[in-house]
Amino acid sequence: MVFNKKLVLLMVCMSAAMVSCQVPAIGGCPEFDSQPDFDMNRYLGTWYEAEHYVNIFEIGTRCVKTNYTKAVDGRYLVSNEIMNRFTGVKRVLDGEIRLIVKGSDSKMNVKYTTLPISYSTEQMILETDYDSFAVVWSCSSYGVANTQNAWIMTREKLAPGTVMQKAYGVLDKYKLSKSYFRKTDQNSCAIAEAAPNEPTSDNKWRRRRSLN
């Protein structure tokens, strides 16, 4: 009977995970502490996704990066850039960030505004040094179950091992399993452009024809 209850809970949790594209777990969200006295202004700029939790949303993607900016009216904005692994097409998801501060803890409520249906999620910066790495985590509770997502973000597109070891230390600190993480391909992310003096295929054909 107990086994059946756990099985049902797991199925409910997995269904929620399919919708929210996250890793399922039994029970409520764990209580984690965020980066103490998080400074959003220092966090601004470009971050590259080094590793991420397995999730449906990022299947078939590569070259993921996020840029945080501050608008003239004081609002914090976010822009996520993602490349399709198979077509090379890039898409951009823009959104707005609202900081939720409670004491020394802080969360980011991210609302994406360029999706067909407006979508928002809460994210927590577990730890960052602002200059090289950040570990970002989110969790949604469904009472008897929860779904979690996590990312390792780095300032460098291809971060050195010393930086990644710092991030892995944070995962160990919060007991976040490394087995759920997948490396993000950040190689050859620039969209290829023809050299200015290189003739197009049509011009090459015309040249060959004129020589015949």
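The values are calculated or read from the model by the stated rules, or taken from the named source; none is laboratory data. Not measured: the values here are computed from a predicted model. Glycine also receives a Cβ, built like all others from the backbone with ideal geometry; neighbour counts cover every protein chain displayed.
Taking the criterion of being assigned to a loop (DSSP other than H, G, I, E, B), of a type in the set (Gly, Ala, Ser) and either in contact with a Lys or Arg (Cβ under 6 Å, 6 or more places away or on another chain) or at pLDDT 95 or above (or both), the only residue of the stretch 150-192 that qualifies is Ala159.
For the structure I just gave you, tell me whether Met124 is within 29 Å of Ile26 (Cα to Cα), in contact (Cβ under 8 Å) with a residue 24 or more places away in the chain and of a type outside the set (Gly, Ala, Ser).
Details: within 29 Å of Ile26 (Cα to Cα): yes; in contact (Cβ under 8 Å) with a residue 24 or more places away in the chain: yes; of a type outside the set (Gly, Ala, Ser): yes.
Judged against the criteria, Met124 is a match.
Residue selection: Leu115 fails the criterion of being in a strand (DSSP E or B) and either exposed (fewer than 13 other Cβ atoms within 10 Å of the Cβ) or modelled with pLDDT of 90 or more (or both).
For the stretch 78-112, the candidate set comprises residues that are touching a residue at least 60 places away in the same chain (Cβ under 8 Å), part of a strand (DSSP E or B) and not hydrophobic (A, V, I, L, M, F, W, C); within that set, the residue that is surrounded by the fewest Cβ atoms within 10 Å (Cβ to Cβ) is Lys90. Hey, does the stretch 139-148 have a residue that's under 20 Å from Thr66 (Cα atoms) and touching a Ser or Thr at 6+ places or on another chain (Cβ under 6 Å)? So far as the stretch 139-148 goes, no, none of its residues is under 20 Å from Thr66 (Cα atoms) and touching a Ser or Thr at 6+ places or on another chain (Cβ under 6 Å). Step by step: first the residues of the stretch 124-142, then only those that are over 18 Å from Arg155 (Cβ atoms), of a type in the set (S, T, N, Q) and touching a strand residue (DSSP E or B) at 6+ places or on another chain (Cβ under 8 Å), then the one that is modelled with the highest pLDDT. Which residue is that? Restricting to residues being over 18 Å from Arg155 (Cβ atoms), of a type in the set (S, T, N, Q) and touching a strand residue (DSSP E or B) at 6+ places or on another chain (Cβ under 8 Å), the top hit is Ser138.
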